[in-house]
1. All but one of (1) crowded, with 20+ Cβ neighbours inside 10 Å; (2) in contact with an Asp or Glu (Cβ under 6 Å, 6 or more places away or on another chain) hold for Ile160, so report the exception by its number.
2. Which of the numbered conditions does Phe53 fail, given that it passes all the others? Conditions: (1) at pLDDT below 95; (2) touching a Ser or Thr at 6+ places or on another chain (Cβ under 9 Å).
3. Pick from Met78, Met93: which is in contact with a Lys or Arg (Cβ under 8 Å, 6 or more places away or on another chain) and surrounded by 21 or more Cβ atoms within 10 Å (Cβ to Cβ)?
4. Tell me which residues, restricted to region 163-177, are buried (at least 18 other Cβ atoms within 10 Å of the Cβ) and under 19 Å from Gly13 (Cα atoms).
5. Take the conditions closer than 25 Å to Glu33 by Cα and under 16 Å from the mean Cα position of the chain (by Cα) and apply them to Pro90. Does it pass?
6. Can you tell me which residue in region 17-41 is surrounded by the fewest Cβ atoms within 10 Å (Cβ to Cβ), limited to those that are of a type outside the set (D, E, K, R) and within 12 Å of the chain's Cα centre (by Cα)?
7. I'd like the residue in region 142-167 that is outside any strand (DSSP E or B) and among the aliphatic types (A, V, I, L, M) and, out of all such residues, is nearest to Gly121 (Cα to Cα).
8. Go through (1) surrounded by 13 or more Cβ atoms within 10 Å (Cβ to Cβ); (2) out of contact with any strand residue (DSSP E or B) (no Cβ under 6 Å at 6 or more places or on another chain) one by one and return the number of the condition Asp151 breaks.
Amino acid sequence: MNHLIIVAHPNPGSFNHAIAETVTRALQAKGHEVTVRDLYALKFEAVLSMGDFQALRSGDIPSDIRAEQELITKADVMTWIYPIWWTGLPAIMKGYVDRVFAYGYAYQYGKDGSIEKLLTGKKGFVVNTHGTPTDIYEGIGMLGALRSTLDTGIFDFCGIETAGHLFFGSVPQVDDEARKGMLKQVEDEVGRLF
């Protein structure tokens with residue numbers, strides 16, 4: 001299988017990058033092809049501009065958007081790894097969705113007004129970290145809301161089947177042993193899913 005890993009954390013030494021490395025190793029050990037896109041290292045432009053709108057409407061897709069769309073088209077599975085900041089996606093990750101998951105590429109409307117899911121047949125896997133303890137997020141319904149936002153609102157809207165979604169809370173407060181346990185859980189989940 002061809003896997004596309006998208007990681008969105010500005011610190012290359014972050015736990016999110018350790019998760020991306022764990023996912024990459026686990027997939028490669030099973031013979032999968034893996035491409036990693038570090039949005040911060042790429043300096044990915046997160047702002048959907050009027051120029052983007054005009055270019056996309058005319059079919060003149062900006063080169064940075066085209067490159068990401070080509071990688072998504074080639075991928076069987078996308079893994080998104082990012083922290084939850086202010087109960088949502090980091091701006092660069094949201095900008096990736098805004099610009100890359102464009103109308104006519106990821107979805108479009110049929111003549112009858114129905115939604116045509118243009119990325120059907122692909123799978124998505126998500127790993128999120130957050131500073132808030134998981135039991136608090138679970139108790140206030142935040143984990144369900146986050147699943148709805150990404151798994152349903154983005155992935156399913158475009159036809160991507162969510163294969164799994166992991167949440168790791170209290171990441172800045174726990175010790176290295178706990179983080180190693182989280183990485184083991186990631187490795188085990190990747191092995192189980194793929």
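The values are calculated or read from the model by the stated rules, or taken from the named source; none is laboratory data. Note that this is a predicted model, so its numbers are computed, not measured. Every residue, glycine as well, gets a Cβ built from its backbone with ideal geometry; the counts of neighbours run over all protein chains shown.
1. Condition (2) is where Ile160 drops out.
2. (2)
3. Sole residue among the options that is in contact with a Lys or Arg (Cβ under 8 Å, 6 or more places away or on another chain) and surrounded by 21 or more Cβ atoms within 10 Å (Cβ to Cβ): Met78.
4. Result: Phe168, Gly169, Val171.
5. Answer is no for this residue.
6. Val36
7. Of everything passing the filter in region 142-167, Ile160 is nearest to Gly121 (Cα to Cα).
8. (2)
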